[in-house]
1. Scan region 213-225 and give yes if some residue there is among the acidic types (D, E) and in contact with a helix residue (DSSP H, G or I) (Cβ under 7 Å, 6 or more places away or on another chain), otherwise no.
2. For region 138-174, what are the residues that are out of contact with any Asp or Glu (no Cβ under 6 Å at 6 or more places or on another chain) and either more than 20 Å from P195 (Cβ to Cβ) or of a type in the set (V, I, T) (or both)?
3. Check every one of the helices (runs of 4 or more DSSP H) wholly within region 17-133 and list those with 3 or more residues that are closer than 30 Å to E198 by Cα and out of contact with any Pro (no Cβ under 7 Å at 6 or more places or on another chain).
4. Of the residues that make up region 161-177, is at least one more than 30 Å from R50 (Cβ to Cβ) and touching a helix residue (DSSP H, G or I) at 6+ places or on another chain (Cβ under 9 Å)?
5. Filter region 210-249 for residues that are at pLDDT 95 or above, part of a loop (DSSP other than H, G, I, E, B) and in contact with a strand residue (DSSP E or B) (Cβ under 8 Å, 6 or more places away or on another chain); which is surrounded by the fewest Cβ atoms within 10 Å (Cβ to Cβ)?
Amino acid sequence: MIFAEPVGSCVDLVATILQPLKERFRDRFRLAPLTVLVDPDLAARVYGGRTDPDVSFLFRQQLAEADLVCVTKIDLYPDSTLPVPVDFAVSSVTGQGVADWLAEVTNSGRVVGAHLLDVDYEQYAEAEASMGWLNLHADVELDQAASPSLVVGPLLDDTGRRLAQAGVSIAHLKIFDEADSGYVKASVSTNGDEPQPEGDLTASAERQHRVVVNLRATGDPELLMAAVRSALGGLAGTVRERHARSFRPPPPVPEVFSPRKTPCPSPEHDR
């Protein structure tokens with residue numbers, strides 16, 4: 001079973017991962033079917049024509065190569081529907097549907113990696129390049145003590161507001177705050193989304209905090225960094241960055257499986 005973080009911008013996994021593994025290690029491993037997890041709200045926006053074209057392209061490509069389509073967040077969207085066949089509906093909060101999905105993953109008799117894509121890698125590269133990525137870690141000393149939830153909530157709102165004003169479309173924004181009394185993290189997957197906080201919401205107020213911001217959005221990396229730093233600058237206290245980086249991913253250069261050509265090196269080459 002291969003678990004990959006659902007960053008929302010990786011496609012052609014069948015040709016670049018599953019098929020090469022099946023070809024080279026078929027006598028040692030049995031692969032589980034490729035599950036693509038689908039956020040109902042994002043799906044509604046994609047099929048309703050309310051997302052960036054590059055985001056829509058990546059989303060549809062991911063669904064096209066899935067062995068299993070699994071809708072998530074059914075505790076929040078119990079009546080969600082998709083214009084594509086859905087195999088399972090689950091909630092990571094309540095656990096609903098998870099056992100049935102895992103039973104299929106571990107005991108499935110279906111063909112794995114059956115949906116090879118014919119990917120336009122030029123378009124794929126352009127779609128990935130439209131997404132800016134940002135990771136920032138900082139130590140924050142507040143003028144007055146505050147709980148992690150009272151740091152994360154306003155900081156998430158202010159960052160989202162600044163990005164919206166700059167015309168940036170959020171694909172994923174997560175803020176994590178940790179103090180000695182506990183931690184809180186919250187994330188949104190689109191502009192104006194209602195965040196779902198996790199952690200100790202009753203953690204007591206502290207002056208010393210450790211903040212992590214992770215952002216993926218359609219926009220220039222420098223613009224993303226400026227918005228995040230401006231939001232951090234709005235905190236009443238001192239911010240000391242420990243790590244800060246924003247970038248665009250380089251164009252993908254995959255080693256693609258082909259029935260006519262095995263991309264893996266030969267055993268002689270390994271030796």
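1. Checking region 213-225: not a single residue is among the acidic types (D, E) and in contact with a helix residue (DSSP H, G or I) (Cβ under 7 Å, 6 or more places away or on another chain).
2. D139, V140, E141, L142, D143, Q144, T159, G167, V168, I170
3. 40-47, 53-64, 98-107
4. Yes: one or more hits.
5. Among residues in region 210-249 that are at pLDDT 95 or above, part of a loop (DSSP other than H, G, I, E, B) and in contact with a strand residue (DSSP E or B) (Cβ under 8 Å, 6 or more places away or on another chain), the one surrounded by the fewest Cβ atoms within 10 Å (Cβ to Cβ) is A236.
Results for (1) buried (at least 17 other Cβ atoms within 10 Å of the Cβ); (2) among the β-branched types (V, I, T), shown as yes or no for each residue.
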position	(1), (2)
L18	yes, no
T35	yes, yes
V46	yes, yes
T51	yes, yes
S56	yes, no
T72	yes, yes
D75	no, no
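The values are calculated or read from the model by the stated rules, or taken from the named source; none is laboratory data. Since the model is a prediction, treat every value here as computed from it, not as a measurement. Please note: Cβ atoms are built from the backbone with ideal geometry, for glycine as well, and neighbour counts cover all protein chains shown.
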